[in-house]
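Here is the structure we will look at, set down as C-alpha cells.
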Amino acid sequence: MKSKLSHLRPKGLHIVTMGCQMNVYDSQQMERLLEPMNYRPARDPEKADLILLNTCSIREKAEHKVYSLLGRLARLKRKKPGLIIGVGGCVAQQEGHRILERAPHVDIVFGTFALRRIPRLVWQVIEKKRRVVDIGATELVEPPCIRPSQFQRGRATAFVTIMTGCDNFCTYCVVPYVRGREVSRRPEAILKEIQYLVEAGVREITLLGQNVNAYGMKKGHGCDFPTLLEAVNGIEGLKRIRFTTSHPKDLSDALIAAFGSLNKLAPHIHLPVQSGSDRVLKHMNRNYTRDYYLERVESLRNVRPDIAITSDIIVGFPGEEEIDFKETLSLVETVGFDNLYIFKYSDRPNVAASRFANKVPDDIKSERFSRLLELQAGVTLRKNRSVVGTIQEVLVEGLSKKSDEQVTGRTPCNMIVNFPGTKQLIGELVPVKIEKAFSHSLFGFPVNRREDHYGRKGGTPYAA
Ligand code: 5AD
Ligand code: SF4
C-alpha cells in the first residue's frame, strides 16, 4: 500500500477533533498513521484532500453537531469531487451505516476500534472507489507505540492514552457502549512512547484513560497505576506528569501517597463527583457516598496541601429533587474546587438512565446549572486571586491567543498564565510573578526580566 501511493504529491489532511483529550490523542495517531500515504496536516479544510471528523457522543446534540458539520462539508465536496470525507470516533461507532445513508457525500465511517485501520480504509476509497464502514471490534485495542512525526515536534505537552474503555456503567454514560470494556496498554509500550515524546521536546505528559485508577487491575501487566506513575517519574528529561480521569471509588491510598512522593507529579487531580446527594449517586451507580468522597479529598490534602482539585457535576439527573441539588451545592462549598465542569443531564442512546422515570424539566436543569455556575465562579476567582503576588513555575505551551508578544502556559496546579515572551520560550519552565487574576486565567511577568526592568538584583524567592 505504501509503495503504491507514496509517489503521489503530498496531500492535505484536515482532522476536526470533537470531545475529550482521548480524541485529541487519537487524532494525532491518525495523522501519524496517514503520513506514509503522503498525507500532511492541512489547517485549512479548503486545502484538504482528506477530511476526518473525530466525533464525541458523551452529551446531547452530539449526533446533531456531526450532521450539521457534514452538511457544511457537502459544499466543499461539490467544489472538489475528489475530496474524501471520513467520520470516526464515538458517534461513528454508534451510528454506523446510518451516516452513509443520511450523508451521501461521506466516504468512510470508522468506529473507535477501527482507528488504526484508517490507512487501509482510505486506500479502499481511493483504489476501489467504494464507500466503507468499519465499526467492528476485531482488532487488538492496544495502540502501537508510534514515534511522533516531524509535524508533531515543537510541543511542550502531550497526551498518552494508557487504557481505553470502561467497565463501570454509570447509568448516564455512553462510554462503555462506544469505547468498549477496559483494556490497559502494556507499561513498556507506554514508557517507550513517553521517551519518544521527550526526545521530540515534550516536557509534560498527561496520562489518559476513562478511569486511570483501574489501570492494570483487570488482566494485570504486573503493574498498577501508582507503579506506572513511579516508572514514568523516572524518565529523564520529563518535567511534569498529569493524569485524567480518576474515578473516586478507585482512588487508592497508594495513589494518594504518590502525590507526596513523586517529584514530577503535578499537584492537580480531576476527580469527578457528579452529585453531592447519596440518593442520586446511588441511582448513577457511582459506588461511593458523599462522605467517602469528602474523606478522599481530605486525604489528598493531607498528603499535598496545595493540591488543586477539579470535578464534573451533572445537574438534573432523573429524579434529582431540590433537596438533592442543595446537597450538591453544599458539597461544592465544602470542597472548594479549583474548577468545575457542569453539565445538564441528557439522555444518551442505550444508557440505563434514559429509561428512568422522573425526568427533570429543562427549565429546572437550566436554573440549577446557573446557580451552581455562579457559586463556582466566585470560588474559582477567589482561588485565582489568592496566587496574586506569588511566583509560579509556568511551563510555556505556546503563543497567547491574545497577543503575539505574550506566551501562555500552566502552573503546576493547572492555572493558565499569560505573560510577555516569545515563542523561543516554548517548552521552558519559567518562574512568573503573578500580577493579575481573571476568572479563567492569570497574568504576570517572568521574574528575572521584571527584576531587571526595575534595576534590582536577585529575585523573589522561588515559591511554586
Ligand atoms: N448527560 C450529562 N452529562 C454527562 N456526562 C457524561 N454523560 C452525561 C450525560 N448523559 C458528563 C459527566 C462526565 C463528563 C465527561 O460528562 O459529568 O464526567
Ligand atoms: Fe462513563 Fe462512569 Fe466509565 Fe466515567 S466511569 S467513563 S462516567 S461509565
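Calculate, for Ala137 and Arg186, the FRET efficiency according to 1/(1 + (r/R0)^6) with r their C-beta to C-beta distance and R0 22 Å; round to the nearest 0.05. Walk me through the intermediate numbers first.
On the way: r = 20 Å, r/R0 = 0.89.
Step by step, r from the Cβ atoms, then E = 0.65.
Restricting the count to DSSP beta bridges whose residues both fall in the chain, what percent are antiparallel, rounded to a multiple of 5? Provide the component values of the computation, followed by the final result.
On the way: 21 of 64 bridges.
Given both bridge residues lie in the chain, the antiparallel proportion sits at roughly 35 percent.
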Checklist line | Dimensionless Rg/Rh of region 2-134 - Kirkwood Rh, Rg from C-alpha atoms | finding: 0.93
Next item on the list: May I ask you to evaluate 6.51 cos²θ - 1.76 cosθ + 1.60, the Karplus curve with θ = phi - 60°, for each residue of region 160-169 and list the ³J(HN,Hα) values in order in whole Hz, giving x for glycine and proline?
Entry: 9, 6, 10, 7, 10, x, 7, 9, 7, 6
Checklist line | Among Ala48, Ser27, Ile99 the positive-end extreme of the charge dipole of region 2-134 (Cβ point charges) | finding: Ala48
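Among 208-217, 28-37, how do they line up from the highest to the lowest mean number of other beta-carbon atoms within 10 Å?
Working: 208-217: 21.7, 28-37: 19.3.
Listed from highest to lowest mean packing, they are 208-217, 28-37.
How high is the relative contact order of region 391-446, in percent, counting Cα pairs under 8 Å that sit 6 or more residues apart? Walk me through the intermediate numbers first.
Values: 133 pairs, mean separation 19.8, N = 56.
Result for region 391-446 is 35 percent.
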Check: In bins 5 Å wide, starting from 0, what share of all Cα pairs of region 391-446 does each bin hold, as a percent?
Finding: 5, 25, 38, 25, 7, 0
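Helix-only mean residue ellipticity at 222 nm, the chain, DSSP H runs n ≥ 4 weighted -39,500 (n - 2.57), per residue, nearest 500. What is it? Before the final figure, lay out the partial values.
Values: 15 runs with 161 residues, N = 464.
Result for the chain: -10500 deg cm²/dmol, rounded to the nearest 500.
What number does region 194-278 give for Rg over Rh if you use C-alpha atoms and the Kirkwood radius?
Values: Rg = 13.5 Å, Rh = 13.7 Å.
Taking Rh as the inverse mean 1/r over Cα pairs, Rg/Rh reads 0.99.
Using packing as a proxy for protection, rank 39-45, 81-87 so that the peptide with the highest average count of other Cβ atoms within 10 Å comes first. Numbers along the way, then the final one.
Values: 39-45: 15.6, 81-87: 18.4.
Answer by packing, highest mean first, reads 81-87, 39-45.
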Notebook entry, point to check: Sequence-distant or interchain residues sharing an amide H contact under 5 Å with Val133, placed H: which?
Noted result: Val109
Next item on the list: May I ask for the distance between the Cα centers of region 222-285 and region 336-396, given as a whole number of Å?
Entry: 20
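I need the per residue convex hull volume for the chain, using only the alpha carbons, in cubic angstrom as a whole number. Mind dumping the intermediate values first?
Values: hull volume 73.1 nm³, N = 464.
In the chain, the Cα hull volume divided by residue count equals 158 Å³.
Would you mind calculating the relative contact order of region 139-266 from Cα pairs under 8 angstrom and at least 6 residues apart, reporting the percent as a whole number? Before the final figure, lay out the partial values.
Details: 200 pairs, mean separation 32.8, N = 128.
Averaging sequence separation for qualifying contacts and normalising by length gives 26 percent for region 139-266.
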Margin query: Here is the link list: Lys344/Lys401; Lys11/Lys128; Lys326/Lys359; Lys401/Lys436; Lys61/Lys365. Which ones come out longer than 22 Å on Cα distance?
Written below: Lys344/Lys401
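If you place +1 on the Cβ of every Lys and Arg, -1 on the Cβ of every Asp and Glu, and leave all else neutral, what size is the dipole of the chain about its Cα centre, to the nearest 20 Debye? Don't jump to the answer; show the numbers that get you there.
On the way: 70 positive and 52 negative charges, 394 e Å.
Result for the chain is approximately 1900 debye, rounded to the nearest 20.
How large is the translational diffusion coefficient of region 139-266 in µm² per second when you combine the Kirkwood radius over alpha carbon pairs with Stokes-Einstein at 20 °C and 1.002 mPa s?
Details: Rh = 15.1 Å.
Reported coefficient: 142 µm²/s.
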Next item on the list: Quickly rank 423-433, 321-331 as a protection proxy: mean count of other C-beta atoms within 10 Å, highest first.
Entry: 423-433, 321-331
Notebook entry, point to check: With contacts defined as alpha carbon pairs under 8 Å and 6 or more residues apart, what's the relative contact order of the chain in percent?
Noted result: 10
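Where a number appears in this text, it was derived from the coordinates with a stated rule and is not lab data. Because the structure is a prediction, the values reported are computed rather than measured. Note: ideal-geometry Cβ built from the backbone for every residue, glycine included; neighbour counts use all protein chains shown.
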